């Protein structure tokens, strides 16, 4: 039988199936702290922060949500106690021990200064960190990767510096710095075309030159080998065929374990969909409660996978905007404005709900319907980068361009 010789088109298609991002040229300068890590979790669809961190001391909350409001702590199906004004959704119980141990902090009434209620635009602005400006070419997490790598970094030195969980390169990681991708579920460990020795050898022969495409293909193949090698060191008794049947917690546990094993992985991005709860949202039980439970379990799995590296890792969780204070006619909530963000691990001085609380009386609501924004989401990012990564002012301005003022949120001691 005649040996199979892959065509150039077949090889390029195979490369696309590896799930690895393209290798680029680092453009920015700056050398932040050498051991800090950051995982950004973006809850796409506008998570209802008023249900996650419940402002039970504000009487307008219960009035506005007669069937979907979360009862006070101590009541049936009530919120878990946080402080004298706030409680945590009971389905988020897996995260409460992190709060109690001082490793989890919330920032309420946070969000974008831009007024858009469009998911697409708001996510674009959050991922570019330039609210109201669509012309920004790259994402802020990619700019941070460039700052960490420093000027003139060789591709092999930044091969796994930034990692995306999922098959599609997100806006936040778009840019010139190198990014690798880890597919979710079964695709993360299913052998791809480049794992076949004959195909890999054909790639090596075809892309043996020193042109940019050849270098990119070789780096992609090397990144794939690194990821597969780390995954191969998992418990050998694990049933790899079942990975796609496990949800987000399996993906985050795998990510945490990879970061714990490989110090080269400094940045990671995890997009999580399904937060657009216009109907049948539920209260302490129901569809939103189920989503909170799965998210809490996934974050707990990520923290457990990181192990002792959690102390060096900040896990930042945000959503593009919040939801309306008042429930709608179908037992859900509509697109709002202010929301809650939170940070876990990484030296965070937790056990606190941060941010200026604007109140829920009608005169305090944004456009008469939504929780107002009193903390710009970029201030939260800046806190993480300045205190966690020790970024200098010039580097911080590169990652978060266009900020005219800076307010310290107080996430760190």
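The values are calculated or read from the model by the stated rules, or taken from the named source; none is laboratory data. Computed from a predicted structure; not experimentally measured. For neighbour counting, all protein chains shown are included, and Cβ atoms are generated from backbone atoms with ideal geometry for every residue, glycine included.
Numbers below:
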quantity: Count of region 36-57 residues which are touching a residue at least 40 places away in the same chain (Cβ under 8 Å), in a loop (DSSP other than H, G, I, E, B) and over 22 Å from residue 258 (Cα atoms); calculated: 6
quantity: Residues that are in contact with a helix residue (DSSP H, G or I) (Cβ under 9 Å, 6 or more places away or on another chain), over 21 Å from residue 139 (Cβ atoms) and surrounded by fewer than 24 Cβ atoms within 10 Å (Cβ to Cβ), drawn from region 370-388; calculated: 372
quantity: Residue that is surrounded by the most Cβ atoms within 10 Å (Cβ to Cβ), among those in region 61-100 that are more than 21 Å from residue 362 (Cβ to Cβ) and without any contact (Cβ under 8 Å) to a residue 12 or more places away in the chain; calculated: 81
quantity: Residue count, region 268-301 (criterion: crowded, with 22+ Cβ neighbours inside 10 Å and at positive phi); calculated: 0
quantity: Boolean, residue 180 is modelled with pLDDT under 70, touching a strand residue (DSSP E or B) at 6+ places or on another chain (Cβ under 6 Å) and either buried (at least 16 other Cβ atoms within 10 Å of the Cβ) or within 30 Å of residue 312 (Cβ to Cβ) (or both); calculated: no
quantity: Members of region 331-357 found to be within 19 Å of the chain's Cα centre (by Cα) and either closer than 26 Å to residue 66 by Cα or buried (at least 24 other Cβ atoms within 10 Å of the Cβ) (or both), listed by number; calculated: 338, 339, 340, 341, 342, 343, 344, 345, 346, 348
quantity: Index of the failed condition, residue 74 passing every other in (1) over 22 Å from the mean Cα position of the chain (by Cα); (2) closer than 27 Å to residue 148 by Cα; (3) at pLDDT 50 or above; calculated: (2)
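To keep it simple, each residue is scored yes or no on (1) touching a strand residue (DSSP E or B) at 6+ places or on another chain (Cβ under 8 Å); (2) closer than 17 Å to residue 397 by Cα; (3) in a strand (DSSP E or B); (4) at pLDDT 95 or above.
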position	(1), (2), (3), (4)
97	no, no, no, yes
105	yes, no, yes, yes
108	yes, no, yes, yes
126	yes, yes, no, yes
130	no, yes, no, yes
133	no, yes, no, yes
143	no, yes, no, yes
147	no, yes, no, no
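Residues are listed down the side, and each one gets a yes or a no for (1) modelled with pLDDT under 95; (2) under 30 Å from residue 149 (Cα atoms):
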{"residue": "329", "(1), (2)": "no, no"}
{"residue": "333", "(1), (2)": "no, no"}
{"residue": "339", "(1), (2)": "no, no"}
{"residue": "353", "(1), (2)": "no, no"}
{"residue": "369", "(1), (2)": "no, no"}
{"residue": "384", "(1), (2)": "no, yes"}
{"residue": "388", "(1), (2)": "yes, yes"}
{"residue": "392", "(1), (2)": "yes, yes"}
